[in-house]
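*Asks:* This is the structure, below, for whatever I ask next.
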Amino acid sequence: MALYSEKVMDHFRNPRNVGIIENADGVGEVGNPVCGDIMKIYLSISDGVITDVKFETFGCGSAIASSSMATELIKGKPVSEALTLTNKAVTEALDGLPAHKLHCSVLAEEAIKSAVKDYYDKNGIDYDPAEFPDCESCAHCADGTV
Amino acid sequence: MIEIIYADNAATTKLSKTALDAMLPYFREQYGNPSSLYSFGQKAKEALEESREKTAHILSCEPREITFTSGGSEADNQAIVTAARLGEKKGKKHIVSTAFEHHAVLHTLKNLEKQGFEITLVDVHKNGIVRPGEIAAAIREDTCLVTVMYANNEIGTIQPIAEIGKICRDKGVLFHTDAVQAAGHLRINVKEQNIDMLSLSAHKFHGPKGIGLLYARRGIIPEVLIHGGAQERGRRAGTENIPAIVGMAAALEEAVSQIDKVTPELIRRRDRLIEGLNKIPYSELNGDCNHRLPGNVNFCFEGIEGESLLLLLDDKGVCASSGSACTSGSLDPSHVLLAIGRPHEVAHGSLRLSIDTETTDEDVEYIIKAVAEVVDYLRNMSPFWHDLVSGKRPHIFSE
């Protein structure tokens, strides 16, 4: 059996929404180079709807595929709906990821939340901080487990 | 389907025609058990002992000093445990090694550490080469073993084995070398190089998989790891894998007979590969550029991750390997790259190409072009790379 599903390989080979958005309404970046993966999500938001989304990713095949799929899943959706996107939904949409790669789908979820948080901060919109990941204190890199 | 360029010979090699032809009769014609008394079994026994003589001759040792094993890992385990048990009897529980040994060595040492052994890992420096003087300095009164690989499996750097062997012999400490990457590619003479124990594996020199050997100098009786029958003079139980043993001897003989002929050509292609990849900005060769295996090239590229590099090279037909965490199945990148001082962020972006005599000049040019394209493509979508370009993060390599 191949390492990745055909869906993962498709999104890895032909990633959707790669690039940057100049003057984006929200930008989120998670991960770090020491761990070997960084995801950066750019959002254009108008009337509470994500009108455009782009990503840049430094990472493995599943990291790139997860970013691509996650951007597809939130494009054109209300911000409130994007916030409900889970890593599980990203994984399922990719027809699964190997167990040790689930972390990549978590990063995708967190990158989107981080971009939305940035949009809220810039626009003085109130939110519950508990809803957003705190990447700085994430155990992933610290304790050596995925 | 696109043509495959196999550039991962450090992982495994294609079985040579000579080895295959030597093996075939032992599957369906001479399939007897060498332990059987009747002449049909004794034919297999003859093949076994001829193979032992052949390999012993190549290594410059006695046939009785050779124990066939399931491969390099088993031989490494057996060598280290042998020295540890011998040392233990004399109250010597200290072992000297390096941080960039194969895991078959490192994990065996780790296990001994749990049993009260103390392990000193000497520095391998930025060029990936151990300094014999530092081995000498690390040896103590209670040192029972020095184990240093002949050539590194990831970065291909060749270690000063003969000098280390001399130091150990003078100090009366056993010296083991994991020669898995060196055998069949570099000259080995266990006598001249003062090697007490040596491990090798057939599938790294166009022999079959699942077979290797341990050389242990006369007087050093290998500790039994596999208990059972009296095969291999009671040092390794289990019916001997005659086809594989015959194939290993044939492959080693062939590889060694060709070393002088093929090495200059291989080095020329390796160096062309290095020259071509060096043109990629912010990249650097890992390990010394001269003291390295004739087929080994290992680079780090800033701003990209190794697994995605490998997958895209695979799409272009190039088989290679990487020391990135994602390819190692752990969170840390290659312990070899970390040992030579590469920071995590570039160690994730490493690529190992290991070519052999079948790699053509055209293949080399194709690989250079393919790697340059893929690195460029991945950098274009990498926020890490963009941070390096904009100066938000400092470059590690020069342009």
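*Asks:* What residue, of B:Leu200, B:Leu214, is buried (at least 24 other Cβ atoms within 10 Å of the Cβ), in contact with a Gly (Cβ under 7 Å, 6 or more places away or on another chain) and not in a loop (DSSP other than H, G, I, E, B)?
*Replies:* Values: B:Leu214 fails: in contact with a Gly (Cβ under 7 Å, 6 or more places away or on another chain).
Residue meeting the stated conditions: B:Leu200.
*Asks:* A:Ala130 passes all but one of (1) closer than 20 Å to A:Asp10 by Cβ; (2) assigned to a helix (DSSP H, G or I); which number fails?
*Replies:* (1)
*Asks:* OK, next. If a residue must be open to solvent by 40 Å² or more (accessible area, probe 1.4 Å), in contact with a Gly (Cβ under 7 Å, 6 or more places away or on another chain) and in a helix (DSSP H, G or I), how many such residues does region B:24-73 contain?
*Replies:* Total meeting the criteria: 2.
*Asks:* Going by what's in this entry, would B:Glu88 be described as in contact with a helix residue (DSSP H, G or I) (Cβ under 6 Å, 6 or more places away or on another chain), surrounded by fewer than 18 Cβ atoms within 10 Å (Cβ to Cβ) and assigned to a helix (DSSP H, G or I)? Give the derivation first.
*Replies:* Working: in contact with a helix residue (DSSP H, G or I) (Cβ under 6 Å, 6 or more places away or on another chain): no; surrounded by fewer than 18 Cβ atoms within 10 Å (Cβ to Cβ): yes; assigned to a helix (DSSP H, G or I): yes.
Taking the combined requirement at face value, the residue does not satisfy it.
*Asks:* Further question on the same structure: Which of the residues spanning region B:168-179 are under 11 Å from B:Ile195 (Cα atoms) and in a helix (DSSP H, G or I)?
*Replies:* Those that are under 11 Å from B:Ile195 (Cα atoms) and in a helix (DSSP H, G or I): B:Cys168, B:Arg169.
*Asks:* Could you please find all residues in region B:371-385 being assigned to a helix (DSSP H, G or I), buried (at least 19 other Cβ atoms within 10 Å of the Cβ) and touching a residue at least 24 places away in the same chain (Cβ under 8 Å)? Step through it out loud before you land on a result.
*Replies:* To start, the set of residues in region B:371-385 that are assigned to a helix (DSSP H, G or I) comprises B:371-380, B:383-385.
In the following step, the residues that additionally are buried (at least 19 other Cβ atoms within 10 Å of the Cβ) were identified as B:371, B:374-375, B:378-379, B:383-385.
If the condition is that a residue be assigned to a helix (DSSP H, G or I), buried (at least 19 other Cβ atoms within 10 Å of the Cβ) and touching a residue at least 24 places away in the same chain (Cβ under 8 Å), then B:Val371, B:Val374, B:Val375, B:Leu378, B:Arg379, B:Phe384, B:Trp385 are the ones that fit.
*Asks:* Out of all the residues in region A:111-121, is one or more within 13 Å of chain B (Cβ to nearest Cβ), open to solvent by 30 Å² or more (accessible area, probe 1.4 Å) and within 20 Å of A:Lys54 (Cβ to Cβ)? Show your work before the answer.
*Replies:* First, pick out the residues of region A:111-121 that are within 13 Å of chain B (Cβ to nearest Cβ): A:111, A:114-115.
From the residues that got through so far, the ones that are open to solvent by 30 Å² or more (accessible area, probe 1.4 Å) too are A:114.
Now restrict to residues that are within 20 Å of A:Lys54 (Cβ to Cβ): A:114.
Yes - at least one qualifying residue is present in region A:111-121.
*Asks:* So which residues in region B:180-192 are assigned to a loop (DSSP other than H, G, I, E, B) and either touching a strand residue (DSSP E or B) at 6+ places or on another chain (Cβ under 8 Å) or of a type in the set (Gly, Ala, Ser) (or both)?
*Replies:* Within region B:180-192, B:Val180, B:Gln181, B:Ala182, B:Gly184, B:His185, B:Ile188, B:Val190 meet the criteria.
*Asks:* Just name the residue that is farthest from the other protein chains (Cβ to nearest Cβ) out of those in region B:350-361 that are assigned to a loop (DSSP other than H, G, I, E, B) and among the polar types (S, T, N, Q). Can you show your working first?
*Replies:* Kept after step one, since they are assigned to a loop (DSSP other than H, G, I, E, B), are these residues of region B:350-361: B:355-360.
With among the polar types (S, T, N, Q) added as a condition, the list becomes B:357, B:359-360.
Working: B:Thr357: 30, B:Thr359: 25, B:Thr360: 27 Å.
Among those that are assigned to a loop (DSSP other than H, G, I, E, B) and among the polar types (S, T, N, Q), it is B:Thr357.
*Asks:* Restricting the search to region A:1-47, which residues are open to solvent by 40 Å² or more (accessible area, probe 1.4 Å), within 11 Å of chain B (Cβ to nearest Cβ) and in a strand (DSSP E or B)?
*Replies:* A:Val18, A:Val27, A:Glu29, A:Asn32
Okay, residues lined up against (1) under 23 Å from the mean Cα position of the chain (by Cα); (2) open to solvent by less than 10 Å² (accessible area, probe 1.4 Å); (3) not small (Gly, Ala, Ser):
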{"position": "B:Arg269", "(1), (2), (3)": "yes, no, yes"}
{"position": "B:Gly306", "(1), (2), (3)": "yes, yes, no"}
{"position": "B:Ser321", "(1), (2), (3)": "yes, no, no"}
{"position": "B:Leu337", "(1), (2), (3)": "yes, yes, yes"}
{"position": "B:Asp361", "(1), (2), (3)": "no, no, yes"}
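*Asks:* Now a separate question. Out of all the residues in region B:297-349, which are under 19 Å from B:Ser398 (Cβ atoms) and within 11 Å of chain A (Cβ to nearest Cβ)? Outline the logic, then answer.
*Replies:* Within region B:297-349, the first condition is being under 19 Å from B:Ser398 (Cβ atoms), and the residues that meet it are B:298-304, B:337, B:340-343, B:345-347, B:349.
Those that are under 19 Å from B:Ser398 (Cβ atoms) and within 11 Å of chain A (Cβ to nearest Cβ): B:Glu302, B:Gly303, B:Ile304, B:Pro343, B:Glu345, B:Val346, B:Ala347, B:Gly349.
*Asks:* Are any of the residues in region B:143-164 open to solvent by 10 Å² or more (accessible area, probe 1.4 Å), assigned to a loop (DSSP other than H, G, I, E, B), of a type in the set (Ser, Thr, Tyr) and within 30 Å of B:Ser324 (Cα to Cα)?
*Replies:* So far as region B:143-164 goes, yes, one or more of its residues are open to solvent by 10 Å² or more (accessible area, probe 1.4 Å), assigned to a loop (DSSP other than H, G, I, E, B), of a type in the set (Ser, Thr, Tyr) and within 30 Å of B:Ser324 (Cα to Cα).
*Asks:* Of the residues A:Asp143, A:Asp126, which single one is at pLDDT below 95 and within 14 Å of chain B (Cβ to nearest Cβ)?
*Replies:* Working: A:Asp126 fails: within 14 Å of chain B (Cβ to nearest Cβ).
Exactly one of A:Asp143, A:Asp126 is at pLDDT below 95 and within 14 Å of chain B (Cβ to nearest Cβ), namely A:Asp143.
*Asks:* While we're here: Can you spot a residue in region A:99-108 that is outside any helix (DSSP H, G or I) and either in contact with a helix residue (DSSP H, G or I) (Cβ under 9 Å, 6 or more places away or on another chain) or over 29 Å from B:Phe301 (Cα atoms) (or both)? Lay out the reasoning, then the answer.
*Replies:* From region A:99-108, those outside any helix (DSSP H, G or I) are none; that's our starting set.
Taking every residue of region A:99-108 in turn, none turns out to be outside any helix (DSSP H, G or I) and either in contact with a helix residue (DSSP H, G or I) (Cβ under 9 Å, 6 or more places away or on another chain) or over 29 Å from B:Phe301 (Cα atoms) (or both).
*Asks:* Within region A:54-92, which residues are open to solvent by less than 10 Å² (accessible area, probe 1.4 Å), in contact (Cβ under 8 Å) with a residue 40 or more places away in the chain and away from chain B (no Cβ under 14 Å)?
*Replies:* A:Ala70, A:Val79
The values are calculated or read from the model by the stated rules, or taken from the named source; none is laboratory data. Here the structure is a predicted model, which is why all the values come from computation and not from measurement. Every residue, glycine as well, gets a Cβ built from its backbone with ideal geometry; the counts of neighbours run over all protein chains shown. For the accessible areas, the whole protein counts, side chains as well, though only heavy atoms, and no ligand, DNA or RNA atoms are used. Shrake-Rupley method; radii C 1.70, N 1.55, O 1.52, S 1.80 Å.
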